[in-house]
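Colleague: This is the structure, below, for whatever I ask next.
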Amino acid sequence: MDKQSVRWLSNVPYVGKNADQELANTIAATPYFITLSSKEKQRLDYEMNIIKETGTAKVFLFGRELLNNGSLGTTLQNEGCSFVNYLLGLSKVNPVLYDLPFVKFLNKQSTRPPKYCIYALNGGKAKILNHLYEKFGKSLFFKSKTHGAIYLVSSKSVENKMIQKCVSNTGSRGSYEENISFMTYKELVNLGFYEFGIIDSISDIRSSDTVVFTEEEILQKGRN
């Protein structure tokens, strides 16, 4: 990966010591692991080799944190093209059964790390954010006021001069706080911050420039 990709990866939050080993251990501990077919084992080895080569194991571990508290939502983009995501419970689609290519989510020529977009259900957004804040620290997470569904992450606390205000959100969907940056989304991405999406309403989907897919559309897109 190029220098910019390395900068993006450096901002993916991780508190362990060896992401590659932790990801392998996490997958091996899943109930489905012991029943893998030979084709699924081959696909798993293929994906894990690329993940290790690109240094993106902590991206997958972070994706797992997004849905750490149970069935809080579902992924919306090309996550369904990864068998690792399927084993981690991040996608309901088994890409081996449908011959979905992993390169739709990650490949060695990628110019930036893969990202996750979660459709949070029943107040799940508040639970997801509060879980992330508790594990990694609220000051690491922020978003541009111009993109309501896209969050950005810094490996270190963001300087106060970059934050316009901290907004408290309350209501039936749960309560959480957000650091809002005065900088535009593109400016923040160009600085090398890692991004992910959390959508919890139809209005968020319509106002976001994130490409959103249902599970059925993922299957169709993966075949094209």
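The numbers here are math on the coordinates, done by the rules we state, and not lab data. Quick caveat, the model's predicted, so the values are computed rather than measured. Reconstructed Cβ throughout: ideal geometry from the backbone, glycine too, with neighbour counts over all protein chains shown.
Colleague: Quick check for me: using +1 on Lys/Arg Cβ and -1 on Asp/Glu Cβ, what's the dipole size of the stretch 1-42 about its Cα centre, in debye to the nearest 20?
Modeller: So the magnitude is around 80 debye.
Colleague: Still on this structure, I have one more. Computed FRET efficiency, Cβ-Cβ of SER110 and TYR46, R0 22 Å: what is it to the nearest 0.05?
Modeller: Calculated value: 0.90.
Colleague: Same structure again: Excluding GLU178 itself, calculate the net charge of residues whose Cβ lies under 11 Å from the Cβ of GLU178, where each Lys or Arg counts +1 and each Asp or Glu counts -1.
Modeller: The answer is +4.
Colleague: If N is the number of residues in the stretch 1-145, what value comes out of its Cα radius of gyration divided by 2.2 N^0.38 Å?
Modeller: Output field value: 1.03.
Colleague: Can you tell me the mean projection area, over all orientations, of the convex hull of the stretch 98-174's alpha carbons? Units nm², please.
Modeller: 7.7
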